[in-house]
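Notes for the one structure printed next.
The values are calculated or read from the model by the stated rules, or taken from the named source; none is laboratory data. Predicted model only: the values in this text are computed from it and were never measured. For neighbour counting, all protein chains shown are included, and Cβ atoms are generated from backbone atoms with ideal geometry for every residue, glycine included.
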There are 2 protein chains.
Amino acid sequence: MYRIEKLIDRIIDRVNINLREPAFDVGPYVRHLVPLDKFGKFYAFYGLAPHYPLHFFFTHSSLAGSYFLGRCTVDHSVLYKSDLRGDELKRKGDSFHYRGIQIPLHDDESIVVKDSFLVKTLVHNNSHDPENPEEFRIQNTVALHYANIHGAPVEGCFLGPFATVDLTTVHDCVIGAFAYVQVGELSHEQVPPGTVWIRSHDDFEFLYRFPEDVLGRYIALRPGAAPTGELMDFVESRKGEFQAVFDSVACCPGISIPEGASVSPYAVVKGATTIEGNVLVAQRAYLSDAWMGSGSNAQENCYIVDAQLQGYNVTAHGGKIVGATLGPKVFVGFNAFVRGSADAPLVIGEASIVMPHTIIDLEEAVAIPPRHVVWGHIRRARDLEDNSVAMDELVACQGEFRRGLMRFRGSGSAFVRGFQHRIEHILEENGAYYDGRHHMGHAQKGQNIIFNLIQPYPQGDMKGMYPTIDIRP
Amino acid sequence: MYRIEKLIDRIIDRVNINLREPAFDVGPYVRHLVPLDKFGKFYAFYGLAPHYPLHFFFTHSSLAGSYFLGRCTVDHSVLYKSDLRGDELKRKGDSFHYRGIQIPLHDDESIVVKDSFLVKTLVHNNSHDPENPEEFRIQNTVALHYANIHGAPVEGCFLGPFATVDLTTVHDCVIGAFAYVQVGELSHEQVPPGTVWIRSHDDFEFLYRFPEDVLGRYIALRPGAAPTGELMDFVESRKGEFQAVFDSVACCPGISIPEGASVSPYAVVKGATTIEGNVLVAQRAYLSDAWMGSGSNAQENCYIVDAQLQGYNVTAHGGKIVGATLGPKVFVGFNAFVRGSADAPLVIGEASIVMPHTIIDLEEAVAIPPRHVVWGHIRRARDLEDNSVAMDELVACQGEFRRGLMRFRGSGSAFVRGFQHRIEHILEENGAYYDGRHHMGHAQKGQNIIFNLIQPYPQGDMKGMYPTIDIRP
């Protein structure tokens, strides 16, 4: 038996212990999910960048095709084509603010992954757990394809494909496929697939759940098989194009990158694509005939195809935008799937918010007006009635508000202001407002990342495992 | 001041202390030899191979463009495009035989480089120092372009360009450009440039020294400048062709590689080149219109151009063969420069030995008969009179034997047998006799080396330095 098989068994045991009440067996979702051969096939890469503290420590793990930046520790884990971006980790001397309390940091923060199995998962941002501000910890956890673990320490969890946990501390939970959770803290819950759930203390709660038949067309998960559905088809049909960029050590694709912008050498950039100033294109982003207006971004697993982003557009990790024109400051949330076409174009007006895990998949032309919030499933113009609200209307809301399958309660103003504040914060972090001297962000800092390529054992019992690697300043 | 400049100063200080009697200042040969920019430009690479013990530890060093295999420790050193091949290091439990004494090894051997500056230097084999069998140590040493440190622990030494120390423990010595030393142990000596000196206890001694005017055309070293001469011109004019192979992560050049043979992805292979079975082509070898007969090899910094090697040919590190046909089992020693042409072809007969650091640079056709030993400088057929001897004649020699500028004393039989024994040993180590099951060597083991690419700090005070890296099983 190969060492990596034993490791996978160990991880399954650990996660299952955490998920014993209610009993949930992650085994059938994990075993044989990735053919053993593939663990030995892809190199891992870690970035060295002058702006981020550095400490990589990997032991007893397989890291095939995974990406690391910042301070990361990986122990007894299998990370397959996952991205761990530690460029927003907190620093020694920083203060972490939590509901009026100031928590001083005594050390640089680290991402720590232990006894976990992550497939094509994105880990980013930093720990929002006030109890552990110096460690962004992922332990005894399985996360499947295109899950996002964003500012969310998780322990004893199963995340289905395209699930997102965001700014939430999660213990012993099953987060269903394409579910989005941003609720601060969550323990011993099963979140059904296709749930979009945002809750801020007693201030507000947003809840939407995709109808099962709709969700099943886009993403479905059955034990013993890889996920299926249109979301998987969309990404899988394009994965071959990433091979060429991973085969080259060369630094930059052949496009013009203006001052202040950065395009990862591990992004696919093709067709008539334009990159304007202060644009950030992360590794594993895919741009084809894309207009990236000033200060806009494409994060990991974003696809921007036949689309115009007019500037200061935030596309969160895994957001896909096809056949669309987005006005300035339009926000497209995590794993949103936004697809128009030449026959059924999509226009999104200025400053509108496409909620995380929204599916806009057009059968006819749709124009979303400026300053609207949209969610759920939109195929025609009339679907907006049940799946959108004008921001001003929502801001005025206090108490219960229902529209279509969406239920909102609490302060609409706090909800909208919270989103707007976060979008501004993301633009700042990404360097969208860089003026050549001030407001530097990832777009500028990312220009100088260089990549180390690290390889697994090629043969024998240890095939697909990596040696122990410790990299320090 | 950049950290790397301080490090270079530190190394110069250390070496100069060792070389204080007689006073020799290495500073002018080292400072500004490599432009600072270049230290940050090239990645280093270390190979993982299932057959060799693994432990890499690098700290406070710059490793630009260097290659590592096996167990290597580098501390406070600058290794620029150097090759450290730890695939012949001794293993725990082995016995080291030294003049009838058996020395058991209590640990796997390591290459240890400390406070040293190596430029395009080849380090290979293992420590032949009976006092330190578990550590192949290079300390307080400067080695310039295309020097070979082969089975030779060195401390407090300066090695000029194309110098070779072979199976010799060297303390506090200056080894001139293109000098070859294989004398067992050497302390506080200055070996003049172009000396070829082999001594085995009281058994025999071989000594040749190139005339100054001849040597100066091929290699010259002046303080404050890079080395010059035809040897430098030859390699420098081809170095651009290596860039493409270093820019690709891809595994193999597009040639047919038969079972049992291996061609490094970091070799240049071009033109109508044929690779037969059990051939070994190491990284930084250059083959152009080369016929590599069964079991023959091309080591680091070897150039084989318009040449036919008929089989079981050993070309030692840095050997160059141009416009020549070599019969079976011809040996070409370290850094030998062997150049015929279409108008002045060279033929070397079966089992002949081209001594290390021989220059054969033809103005007319020359045929070296089988079973001859050649040395020195050969341009025409008549130069063989002063620069070769039939093996049988040398075997019969006991006592003093002079020919041309070469002086031999001792047992010709011990000398020839020693060489033959070593050539057989090299063929065995390289896997030339692999039959599909037995006699596996580097040619077979090298098929499964995979390469990790490691990068220096790209910016700031630390530019060109590497983080501390520890890689363990």
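Numbers below:
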| read-out | value |
| --- | --- |
| Identity of the residue in region B:326-379, within 21 Å of B:Asp392 (Cβ to Cβ) and of a type in the set (S, T, N, Q), that ends up nearest to the chain's Cα centre (by Cα) | B:Thr358 |
| Hits in region B:193-228 (condition: at positive phi and surrounded by 17 or more Cβ atoms within 10 Å (Cβ to Cβ)) | B:Gly194 |
| Breaking point among (1) within 14 Å of chain B (Cβ to nearest Cβ); (2) part of a strand (DSSP E or B); (3) buried (at least 21 other Cβ atoms within 10 Å of the Cβ), for A:Phe408 | (1) |
| Criterion (of a type in the set (S, T, N, Q) and under 14 Å from B:Glu241 (Cα atoms)) met by exactly one of B:Asn313, B:Asn278, B:Asn297, B:Asn301 | B:Asn301 |
| Which listed residue, of B:Met465, B:Met406, B:Met440, is of a type in the set (A, V, I, L, M), in contact with a Ser or Thr (Cβ under 8 Å, 6 or more places away or on another chain) and on the phi < 0 side of the Ramachandran plot | B:Met465 |
| Tabulated pairs, region B:196-216, first under 17 Å from B:Val165 (Cβ atoms), second among the acidic types (Asp, Glu) and not in a loop (DSSP other than H, G, I, E, B), C-beta under 9 angstrom, 6+ apart or interchain | B:Trp197/B:Glu205; B:Ile198/B:Asp166; B:Ile198/B:Glu205; B:Arg199/B:Glu205 |
| Yes/no for B:Ser62 being in contact with a Pro (Cβ under 8 Å, 6 or more places away or on another chain) and assigned by TED's automatic domain parsing to the domain that holds B:Leu221 | yes |
| Answer residue from region A:263-313, given it is aromatic (Phe, Trp, Tyr) and touching a strand residue (DSSP E or B) at 6+ places or on another chain (Cβ under 8 Å) and is nearest to A:Gly446 (Cα to Cα) among those | A:Tyr266 |
| Yes/no for B:Glu364 being surrounded by fewer than 22 Cβ atoms within 10 Å (Cβ to Cβ), in contact with a helix residue (DSSP H, G or I) (Cβ under 8 Å, 6 or more places away or on another chain) and assigned to a helix (DSSP H, G or I) | no |
| Options A:Pro265, A:Pro345, A:Pro258; residue that is free of Cβ contacts under 8 Å to residues at least 60 places away in the same chain and under 30 Å from B:Lys41 (Cα atoms) | A:Pro258 |
| Residue match in region A:276-289 (condition: at pLDDT below 95, over 24 Å from B:Tyr43 (Cα atoms) and either small (Gly, Ala, Ser) or in contact with a Ser or Thr (Cβ under 8 Å, 6 or more places away or on another chain) (or both)) | no |
| Positions within region A:69-128 being touching a helix residue (DSSP H, G or I) at 6+ places or on another chain (Cβ under 7 Å) and among the hydrophobic types (A, V, I, L, M, F, W, C), in sequence order | A:Val78, A:Phe117 |
| The lone exception for B:Leu427 - which of (1) within 14 Å of chain A (Cβ to nearest Cβ); (2) at pLDDT 95 or above; (3) buried (at least 21 other Cβ atoms within 10 Å of the Cβ) it fails | (1) |
| Matching residues in region B:141-155 - criterion: being surrounded by fewer than 24 Cβ atoms within 10 Å (Cβ to Cβ) and over 15 Å from the mean Cα position of the chain (by Cα) | B:Glu155 |
| Unique residue being surrounded by 21 or more Cβ atoms within 10 Å (Cβ to Cβ), among the aliphatic types (A, V, I, L, M), modelled with pLDDT under 95 and touching a strand residue (DSSP E or B) at 6+ places or on another chain (Cβ under 9 Å) when the list is A:Leu19, A:Leu33, A:Leu48, A:Leu63 | A:Leu48 |
| Residues that are modelled with pLDDT of 90 or more and within 10 Å of chain B (Cβ to nearest Cβ), drawn from region A:36-45 | A:Tyr43, A:Ala44, A:Phe45 |
| Qualifying residue in region A:309-320 (condition: closer than 26 Å to A:Val214 by Cα, of a type in the set (A, V, I, L, M), out of contact with any Cys (no Cβ under 6 Å at 6 or more places or on another chain) and surrounded by fewer than 24 Cβ atoms within 10 Å (Cβ to Cβ)) | no |
| Scan of region A:161-190 for residues that are surrounded by 22 or more Cβ atoms within 10 Å (Cβ to Cβ) and in a loop (DSSP other than H, G, I, E, B), ordered by number | A:Pro161, A:Phe162, A:Ala163, A:Thr168, A:Asp172, A:Cys173, A:Gly176, A:Ala177, A:Phe178, A:Ala179 |
| Conditions (1) out of contact with any strand residue (DSSP E or B) (no Cβ under 9 Å at 6 or more places or on another chain); (2) modelled with pLDDT of 95 or more; number of the one not met by B:Tyr98 | (2) |
| Meets criteria (without any contact (Cβ under 8 Å) to a residue 12 or more places away in the chain and among the acidic types (Asp, Glu)) for B:Asp470 | no |
| Condition met for B:Glu155 (in contact (Cβ under 8 Å) with a residue 60 or more places away in the chain and either assigned by TED's automatic domain parsing to the domain that holds B:His97 or not β-branched (Val, Ile, Thr) (or both)) | yes |
| All positions within region B:430-473 that are more than 14 Å from chain A (Cβ to nearest Cβ), buried (at least 18 other Cβ atoms within 10 Å of the Cβ) and of a type outside the set (Ser, Thr, Tyr) | B:Asn430, B:Gly431, B:Ala432, B:Gly441, B:His442, B:Ala443 |
| In region A:345-360, the residues that are assigned to a loop (DSSP other than H, G, I, E, B) and within 15 Å of A:Pro328 (Cα to Cα) | A:Gly349, A:Glu350, A:Ala351, A:Ser352 |
